[in-house]
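Structure record follows, encoded as structure tokens.
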Amino acid sequence: MSVVSGRVLIMLEEWWRVQPDEDRVQWVLESFTAVGPLRFGMSADEVTAAMSALTGGTEHRTWGGGPGDKVWRVEEGRYREFGLHLYYQDERLSGIAVDALCGPQVTVEGTALVGRTPSEVGRWMEERDAELSYMSLGVPRSDLLGVVVNVQRAHDRLLTRPVFFPAEALDDLPHWFPQRAWEIHG
């Protein structure tokens, strides 16, 4: 193996390094209300204040689309080092996606949802939620918990990357977030 190939391999290993649970900030899901200190409906300034003790600044992007009177706009705030993607509609927090590799560990009823094998979390959801449904590509969605258990690539495997949402998203969840929220990141 050449020196360049060796460096690339080391960079890829770091890129896909999964942070152990004991090194992650621990948060609890309050269905449709809050994920850790972040409450749905907070302004970006309130989110920044809540996150200031945990991590540095955020990057912002705006996504939009739709025909005629169905135009939508979502602003995305991203805490890259902390592993969070936050989505805002009408300048209020409307969605939270947690990075499988380095985001906070979010639990519900003592069960960890972040960075797990998708089948393990899917089985747990099936056992507890008779209303469980599936989005495209078989991604489980719980309308009782307010979570879609999406996936993220970690080298040659997939891990859970949950996307949390408020109750008002239930009627049109696929369009509540920009398409990027549903993509498999890697």
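The values are calculated or read from the model by the stated rules, or taken from the named source; none is laboratory data. None of these values were measured; they are calculated from a predicted model. Cβ placement follows ideal geometry from the backbone for every residue including glycine, while neighbour counts extend to all protein chains displayed.
Of the residues making up region 137-186, those that are closer than 21 Å to Arg17 by Cα, hydrophobic (A, V, I, L, M, F, W, C) and at pLDDT 85 or above are Val149, Val151, Ala154, Leu158, Leu159, Val163.
Tell me yes or no: at least one residue of region 13-34 is modelled with pLDDT of 90 or more, surrounded by 12 or more Cβ atoms within 10 Å (Cβ to Cβ) and either in a helix (DSSP H, G or I) or aromatic (Phe, Trp, Tyr) (or both). Scanning region 13-34 turns up at least one residue that is modelled with pLDDT of 90 or more, surrounded by 12 or more Cβ atoms within 10 Å (Cβ to Cβ) and either in a helix (DSSP H, G or I) or aromatic (Phe, Trp, Tyr) (or both). If the condition is being under 16 Å from Gln26 (Cβ atoms) and either at pLDDT below 90 or loosely packed, with under 14 Cβ neighbours inside 10 Å (or both), then region 76-131 contributes Phe82, Glu109, Gly110. Just one of (1) modelled with pLDDT of 80 or more; (2) surrounded by 14 or more Cβ atoms within 10 Å (Cβ to Cβ); (3) closer than 14 Å to Gly36 by Cβ fails for Thr55. It is (1).
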